[in-house]
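Report on the structure given below.
The values are calculated or read from the model by the stated rules, or taken from the named source; none is laboratory data. These numbers come from a predicted model, not from an experiment. Ideal geometry is used to build each Cβ from the backbone, glycine not excepted, and the neighbour counts take in all protein chains shown. Just the protein is used for accessible areas: all its heavy atoms, side chains included, with ligands, DNA and RNA removed. Shrake-Rupley method; radii C 1.70, N 1.55, O 1.52, S 1.80 Å.
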Amino acid sequence: QVQLVESGGGLVQAGGSLRLSCTDSGRTFSRYALGWFRQAPGKGREFVAAISWSGGNTDYADSVKGRFTISRDNAKNTMYLQMISLKPEDTAVYYCAADPALTAILDATPDYWGQGTQVTVSS
């Protein structure tokens, strides 16, 4: 069973930075591909970034390339999203997701979702 818990969200000024974390208390964390998604008010959930089980492969939405970095520490059962140069349009609830297959993350059809953490970027 995978139980994902996000943390690290908050209010930040435009141009600032935040680091989100996603942890899992289970024993199979290292076997899963992971990803970050976000949902802004009035919009659908969109893909942000993905990382393979080993951390060797990553992928990003064009809107965050060069500003966001996804990483994971399997020894700590934790995934991170380092966000810099934040913009007001980055405001959203950010969700982490897990699936045995990286393709499911990229297709936005993962087996497991976290509850989300709010990120608000003020102008």
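Tabulated values for the structure
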read-out	value
Yes/no for Ala40 being open to solvent by less than 30 Å² (accessible area, probe 1.4 Å), more than 17 Å from Pro110 (Cβ to Cβ) and either modelled with pLDDT of 95 or more or touching a Lys or Arg at 6+ places or on another chain (Cβ under 8 Å) (or both)	yes
Hits in the range 16-44 - residues which are under 12 Å from the mean Cα position of the chain (by Cα) and basic (Lys, Arg)	Arg19, Arg38
Evaluation of Arg72 against (1) free of Cβ contacts under 8 Å to residues at least 60 places away in the same chain; (2) open to solvent by 70 Å² or more (accessible area, probe 1.4 Å); (3) under 16 Å from Asp24 (Cα atoms) (one fails), failing number	(2)
Residue check, Thr109 under 19 Å from Ser52 (Cβ atoms) and open to solvent by 50 Å² or more (accessible area, probe 1.4 Å)	yes
From Ser54, Ser63, Ser85, Ser17, residue being free of Cβ contacts under 8 Å to residues at least 40 places away in the same chain, touching a Ser or Thr at 6+ places or on another chain (Cβ under 9 Å) and loosely packed, with under 15 Cβ neighbours inside 10 Å	Ser54
